[in-house]
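The values are calculated or read from the model by the stated rules, or taken from the named source; none is laboratory data. Here the structure is a predicted model, which means the values were calculated and not measured. In this analysis, Cβ positions are derived from the backbone assuming ideal geometry, glycine residues included, and neighbour counts consider all displayed protein chains. Ligands, DNA and RNA are excluded from the accessible area calculation, which covers all protein heavy atoms including side chains. Shrake-Rupley method; radii C 1.70, N 1.55, O 1.52, S 1.80 Å.
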Amino acid sequence: MEHHELTPEANFQLSSQTVHVWHTNLKRSPQSLQFYQTLLSSDEQKRAERFKFEKDQQAFIIARGTLRKILSHYLNLRPEQIKFKYSSKGKPSLDFNPLPLHFNLSHAHGKAIYAIALEKNLGVDIEFIREIEVLSLAQRFFCHSEYQWLNALPLDQQKLAFFRLWTCKEAYLKATGEGLVGLQDIEIQTPLGSSPQILNISQNWRLQTIKTAENYVATLAIEGIHYEFKNWQWIEE
């Protein structure tokens, strides 16, 4: 079940069978950008400085600052008090986590999505639907069966199908913390259907298509099957 609400005053209480999904636009005023930068840790500020292009640097600052503001409501902490730790492959988690809260974020082309749940690993990916060499990339990164399926689709359906497949794979790999090196190891069934499935893993995982802005595709992956998904729009305070 999936609910959509556009309100800044959401309920920040989570149950074990509820997943909260936050959507936001990464465009901010220069004053807001400066404020969000003050929320970041020194290592996050150094990461921002390493981006070559200013637009990418700003997107990172706003995305991470917004993450801190959202998590602060669940943790009853100030945004700048939140501390993260990272896995060997770079997946962030909370250093101090009394709930225990799991989260993941993704941003692309000015849009960001944040997924938050209790106890279960989860991952989310959003992609902007853009012009790409669909079959060339599919042959490089996807399983042979997925490539064959894409190749058999009408040309006008291939691009959307590619990005749906990609977000399914990346969301799952972000949830497990394995990183994109495992793209070819994950085989997705029926990515254009309402319930895509991962074929070659032993645990139960849910792949949930997230409704988002036009010309974007987003998928959430979470351990387990039965969840209620609640969607909110984060509006700049």
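Listed by first and then second residue, the pairs with beta-carbon distance under 6 Å, at least 6 apart or on different chains, first residue in region 156-167 and surrounded by fewer than 22 Cβ atoms within 10 Å (Cβ to Cβ), second in a helix (DSSP H, G or I), are Gln158/Val134; Gln158/Leu150; Lys159/Val134; Ala161/Leu150.
Only a single item in (1) at pLDDT 90 or above; (2) within 15 Å of Val124 (Cα to Cα); (3) out of contact with any Pro (no Cβ under 9 Å at 6 or more places or on another chain) is not met by Thr219, and it is number (3). Please find, within region 109-121, the residue that is modelled with the lowest pLDDT out of those that are more than 9 Å from the chain's Cα centre (by Cα) and buried (at least 20 other Cβ atoms within 10 Å of the Cβ). This residue is Asn121.
Run down Ile70, Ile82, Ile113 and say which single residue is in contact with a Phe, Trp or Tyr (Cβ under 6 Å, 6 or more places away or on another chain), touching a residue at least 12 places away in the same chain (Cβ under 8 Å) and of a type outside the set (Gly, Ala, Ser). Quick ask: steps written out before the conclusion?
On the way: Ile82 fails: in contact with a Phe, Trp or Tyr (Cβ under 6 Å, 6 or more places away or on another chain); Ile113 fails: in contact with a Phe, Trp or Tyr (Cβ under 6 Å, 6 or more places away or on another chain).
Among Ile70, Ile82, Ile113, only Ile70 is in contact with a Phe, Trp or Tyr (Cβ under 6 Å, 6 or more places away or on another chain), touching a residue at least 12 places away in the same chain (Cβ under 8 Å) and of a type outside the set (Gly, Ala, Ser).
Tell me the helices (runs of 4 or more DSSP H) entirely within region 1-106 that contain at least 1 residues that are in contact with a His (Cβ under 7 Å, 6 or more places away or on another chain) and under 20 Å from Tyr216 (Cα atoms).
Working: elements: 30-39, 42-49, 54-75.
Where helices (runs of 4 or more DSSP H) fall fully within region 1-106 and carry at least 1 residues being in contact with a His (Cβ under 7 Å, 6 or more places away or on another chain) and under 20 Å from Tyr216 (Cα atoms), they are 54-75.
Condition test on Ile113, is it in contact with a helix residue (DSSP H, G or I) (Cβ under 9 Å, 6 or more places away or on another chain) and β-branched (Val, Ile, Thr)? When the stated conditions are applied, Ile113 does not pass them. In region 124-149, how many residues are crowded, with 16+ Cβ neighbours inside 10 Å, modelled with pLDDT under 95 and of a type in the set (D, E, K, R)? The total comes to 1. Is it the case that region 27-41 has a residue that's under 18 Å from the mean Cα position of the chain (by Cα), open to solvent by less than 30 Å² (accessible area, probe 1.4 Å) and not basic (Lys, Arg)? No, region 27-41 contains no residue that is under 18 Å from the mean Cα position of the chain (by Cα), open to solvent by less than 30 Å² (accessible area, probe 1.4 Å) and not basic (Lys, Arg). Could we say that Leu118 is over 24 Å from Val217 (Cβ atoms) and of a type in the set (A, V, I, L, M) here? So Leu118 fits the description; yes.
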